[in-house]
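Worksheet: one structure, shown below.
The values are calculated or read from the model by the stated rules, or taken from the named source; none is laboratory data. None of these values were measured; they are calculated from a predicted model. No Cβ is skipped: glycine too gets one built from the backbone with ideal geometry, and neighbour counts run over all protein chains shown. Keep in mind that these areas ignore ligands, DNA and RNA; they rest on the heavy atoms of the full protein, side chains included. Shrake-Rupley method; radii C 1.70, N 1.55, O 1.52, S 1.80 Å.
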Amino acid sequence: MTAISREEVAHLAHLARINIADDQLEHFAKQLDAILDAVAQVSQVDTANVPAMSHPVPMTNVFREDIPVASLAPGAALAGAPAVEDSRFRVPRILDEE
Amino acid sequence: MSDLIRMNASDLVEAMNAGQVSSVEITQAHLDRIAAVDGDVHAFLHVDSKGALDAAAAVDAQRADGQNLSALAGVPLGLKDILASKGLPTTCGSKMLEGWIPPYDATVVTKLRDAGIPILGKTNMDEFAMGSSTEHSAYGPTHNPWDLERIPGGSGGGSSACLAAFEAPLAIGSDTGGSIRQPAAVTGTVGVKPTYGGVSRYGVVALASSLDQVGPCARNVLDTALLHSVIAGHDPRDSTSINKPVPDVVGAARRGDVKGMKIGVVRELSGEGFQAGVQTRFDETVTLLEGLGAEVVEVSCPNFPHALAAYYLILPSECSSNLAKFDGIRFGLRVGDDGSKSVEQVMSETRAAGFGPEVIRRIMLGTYALSAGYYDAYYGQAQKIRTLIAQDFAKAFAQVDVLISPTAPTTAFKIGEKMADPVSMYLNDVATIPVNLAGLPGMSLPIGLAPEDNLPVGLQIMAPAMADDRLYNVGAAIERELLSKWGGPIWAQAPELAGA
């Protein structure tokens, strides 16, 4: 019923920031289609007047005591970074050059 | 000491207290076992011999000094590679985090270290805990010690296999839809998914935050309870952590008395799709419980047949959001950063290179389910079904103290058998998912071998929130009877590994 297209897969891959090779789009389209087919049964359940549940334990405004504790030293925080410059995360170009 | 690697954790502690053996000797025996058999089993992604032996030596010194020690001090453990461990690689079974060494410990890891539990290493898992077989690990599958051609369950197949292979007497897992219980079932071990919020998630790499829960794994009910009591409790660093006393799981595991209890068999978790031998062992267990004085009744949870579908919308939705943090900027892999590309191009190339196919499928599925035009029909509807499932549980627990079902519909399947068909892989979780959706505790324990294939079958016990002790009480009662019937633990029936 769903029949997800190659173009939709490409769009989803773009939204999720995952480069999918063109020759893989068809493959993922078929698999996503099969999964969506299997989960589509949710639409058959009568949920009129049923509230949505986002979380098993309803809690709001959970605070902890405002006590200063030691935090990570910059060196430790940056130790696993792919690229570092001047004690900061070095990132690829963010703005277009034009 | 005779065979240290086959001893229960509680017996190892007694032997250490009696001065018959040291933690260093116990830890070394397990490291030797890992060296002998893990080439075949591949339960571990990383072994930390020095760290484990250092921790063991420290505990030995404290014990000699007469210090007050925890109930598991000196007993070594395998840690699922989803928990951040300072100074030890934490990959989540993914190339995305290859070589990443966390600068801090998860709260559970801090508790383990404080309890004097030597950490032998990090155990294998499906990538980012997505899978039911450990075949989705980027570092190759783990093999089931009962039959090396079969899966050890997943996502925590490394943690279950290390127990079944006697590489560790204790292990930590995490359970989002069955990742502790289903591996326990197919390896003949015990695993518990505690009440949601019962164990801290701080420092645990998130898959689906509203479902994930860390829990204990061992080869018997009491050891599992002892480990549960070490890791459980409120943590101010986890805002979903429950600020209430930990249920007396150890007392319950020592009690094991079901006389007068009401136990419900879930009608919807049987029949079609459940292997004959699994059903046989389950039915025998019902008879056993009745013989022990429990009243067993059938209860209906009419919305459970929709749980799997709801789960496979909620989980991908949450994981597509949670895994956005793996963008090649702050930690882990970065690909294609040659100075000419934009940050978005680098992110997209990194994520394509770092994530395996199952992770990519689930992220895209979640992105789809959350996108404009589909949100109400998929994610919104799944959340309403989640409410119906919680209501099914509430109605059932108004009639009975615990619910039971088979943990998994089949025994361990062959490696490779379900890799081409994601939907058939997902069906493994049909019985374990409901408690995750409702935030309840669940246990799997071995109840025998299926007659047709001589592979372990697990029983699932489910209880109301913060009544985790009931799992251990019922589990201990069943275990005691089965041990006397079998004349010893289930693993005595397992084949020897060639490396041994």
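Looking at B:197, B:158, just one residue is under 23 Å from residue B:246 (Cβ atoms), at pLDDT 95 or above and open to solvent by less than 10 Å² (accessible area, probe 1.4 Å), and that residue is B:197.
Applying the set (1) in a loop (DSSP other than H, G, I, E, B); (2) closer than 26 Å to residue B:435 by Cβ to residue B:312 leaves exactly one unmet item: (1). In segment A:15-32, of all residues being open to solvent by 80 Å² or more (accessible area, probe 1.4 Å) and more than 8 Å from chain B (Cβ to nearest Cβ), the one that is farthest from residue B:419 (Cα to Cα) corresponds to A:22.
If you go through segment B:132-155 and keep only what is open to solvent by 10 Å² or more (accessible area, probe 1.4 Å), more than 23 Å from residue B:48 (Cα to Cα) and touching a Lys or Arg at 6+ places or on another chain (Cβ under 9 Å), you end up with B:135, B:147, B:149, B:150.
Specify the residue that is farthest from the other protein chains (Cβ to nearest Cβ); the eligible residues are those in segment B:226-246 that are farther than 13 Å from residue B:70 by Cα and surrounded by 22 or more Cβ atoms within 10 Å (Cβ to Cβ). First the steps, then the outcome.
If we filter segment B:226-246 for residues that are farther than 13 Å from residue B:70 by Cα, which is where we start, we get B:232-246.
In the following step, the residues that additionally are surrounded by 22 or more Cβ atoms within 10 Å (Cβ to Cβ) were identified as B:232, B:235, B:241-242.
Working: B:232: 15, B:235: 10, B:241: 9, B:242: 7 Å.
Per the criteria, the residue is B:232.
In summary, residue B:72 fulfils each of the numbered conditions (1) under 19 Å from residue B:12 (Cα atoms); (2) open to solvent by 60 Å² or more (accessible area, probe 1.4 Å) with the single exception of condition (2).
Quickly run through segment A:33-58 and pick out the residues that are of a type in the set (A, V, I, L, M, F, W, C) and either in a loop (DSSP other than H, G, I, E, B) or open to solvent by 60 Å² or more (accessible area, probe 1.4 Å) (or both). Walk me through it before giving the result.
From segment A:33-58, those of a type in the set (A, V, I, L, M, F, W, C) are A:34-36, A:38-40, A:42, A:45, A:48, A:50, A:52-53, A:57; that's our starting set.
If the condition is that a residue be of a type in the set (A, V, I, L, M, F, W, C) and either in a loop (DSSP other than H, G, I, E, B) or open to solvent by 60 Å² or more (accessible area, probe 1.4 Å) (or both), then A:45, A:48, A:50, A:52, A:53, A:57 are the ones that fit.
Within segment B:319-344, restricting attention to residues that are free of Cβ contacts under 8 Å to residues at least 24 places away in the same chain, surrounded by fewer than 17 Cβ atoms within 10 Å (Cβ to Cβ) and part of a helix (DSSP H, G or I), the residue that is farthest from the other protein chains (Cβ to nearest Cβ) is B:325. Might you let me know whether segment B:91-102 holds any residue that is among the acidic types (Asp, Glu) and part of a helix (DSSP H, G or I)? Scanning segment B:91-102, I find no residue that is among the acidic types (Asp, Glu) and part of a helix (DSSP H, G or I), so the answer is no.
Residues are listed down the side, and each one gets a yes or a no for (1) under 26 Å from residue B:163 (Cβ atoms); (2) free of Cβ contacts under 8 Å to residues at least 40 places away in the same chain; (3) outside any loop (DSSP other than H, G, I, E, B):
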residue	(1), (2), (3)
B:225	yes, no, yes
B:229	yes, no, yes
B:235	yes, no, no
B:243	no, yes, no
B:247	yes, no, no
B:250	yes, no, yes
B:260	no, yes, no
B:265	no, no, yes
B:278	yes, no, yes
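Say whether the condition of being open to solvent by less than 30 Å² (accessible area, probe 1.4 Å), at pLDDT below 95 and in contact with a Ser or Thr (Cβ under 7 Å, 6 or more places away or on another chain) is met by at least one residue in segment B:414-425. Within segment B:414-425 (the criterion being open to solvent by less than 30 Å² (accessible area, probe 1.4 Å), at pLDDT below 95 and in contact with a Ser or Thr (Cβ under 7 Å, 6 or more places away or on another chain)), the answer is yes, since at least one residue qualifies. Restricting attention to segment B:444-478, the residues being open to solvent by 40 Å² or more (accessible area, probe 1.4 Å) and either at positive phi or charged (D, E, K, R) (or both) number 6.
Among the residues of segment B:162-174, is there at least one that is in contact (Cβ under 8 Å) with a residue 12 or more places away in the chain, open to solvent by 10 Å² or more (accessible area, probe 1.4 Å) and assigned to a loop (DSSP other than H, G, I, E, B)? Within segment B:162-174 (the criterion being in contact (Cβ under 8 Å) with a residue 12 or more places away in the chain, open to solvent by 10 Å² or more (accessible area, probe 1.4 Å) and assigned to a loop (DSSP other than H, G, I, E, B)), the answer is yes, since at least one residue qualifies.
For beta carbons closer than 7 Å, sequence separation of 6+ or different chains, a first residue in segment B:352-380 that is at the interface with another protein chain (Cβ under 8 Å from one of its Cβ atoms) and surrounded by fewer than 23 Cβ atoms within 10 Å (Cβ to Cβ) and a second that is in a loop (DSSP other than H, G, I, E, B) and among the polar types (S, T, N, Q), the qualifying pairs are B:352/A:19. Among the conditions (1) outside any helix (DSSP H, G or I); (2) facing chain B (nearest Cβ under 7 Å); (3) over 30 Å from residue B:369 (Cα atoms), residue A:77 misses just one, which is (1).
When each of B:296, B:278, B:258 is tested for being open to solvent by less than 20 Å² (accessible area, probe 1.4 Å), of a type outside the set (S, T, N, Q), closer than 30 Å to residue B:427 by Cβ and more than 14 Å from chain A (Cβ to nearest Cβ), the lone residue that passes is B:278.
Consider segment A:11-25. How many of its residues are assigned to a helix (DSSP H, G or I) and in contact with a helix residue (DSSP H, G or I) (Cβ under 6 Å, 6 or more places away or on another chain)? Summing the residues that are assigned to a helix (DSSP H, G or I) and in contact with a helix residue (DSSP H, G or I) (Cβ under 6 Å, 6 or more places away or on another chain) in segment A:11-25 gives 3.
Before we move on, is residue B:316 under 25 Å from the mean Cα position of the chain (by Cα) and surrounded by fewer than 16 Cβ atoms within 10 Å (Cβ to Cβ)? Don't jump to the end; show me each part of the working.
Details: under 25 Å from the mean Cα position of the chain (by Cα): yes; surrounded by fewer than 16 Cβ atoms within 10 Å (Cβ to Cβ): no.
Answer is no for this residue.
Count of segment B:299-310 residues, restricted to those that are open to solvent by 10 Å² or more (accessible area, probe 1.4 Å) and within 14 Å of another protein chain (Cβ to nearest Cβ), is 5.
Residue selection: residue A:89 satisfies the criterion of being of a type in the set (Phe, Trp, Tyr) and at the interface with chain B (Cβ under 8 Å from one of its Cβ atoms). Within segment A:1-14, can you find the residues that are of a type outside the set (Asp, Glu), at the interface with chain B (Cβ under 10 Å from one of its Cβ atoms) and open to solvent by less than 80 Å² (accessible area, probe 1.4 Å)? Once the filter is applied, which keeps residues that are of a type outside the set (Asp, Glu), at the interface with chain B (Cβ under 10 Å from one of its Cβ atoms) and open to solvent by less than 80 Å² (accessible area, probe 1.4 Å), segment A:1-14 yields A:2, A:4, A:9, A:12, A:13. Listed by first and then second residue, the pairs linking a residue in segment A:51-63 that is facing chain B (nearest Cβ under 7 Å) to a residue that is open to solvent by 50 Å² or more (accessible area, probe 1.4 Å) and among the aliphatic types (A, V, I, L, M), with Cβ atoms under 9 Å apart and 6 or more places separating them unless they lie on different chains, are A:56/B:465; A:57/B:465.
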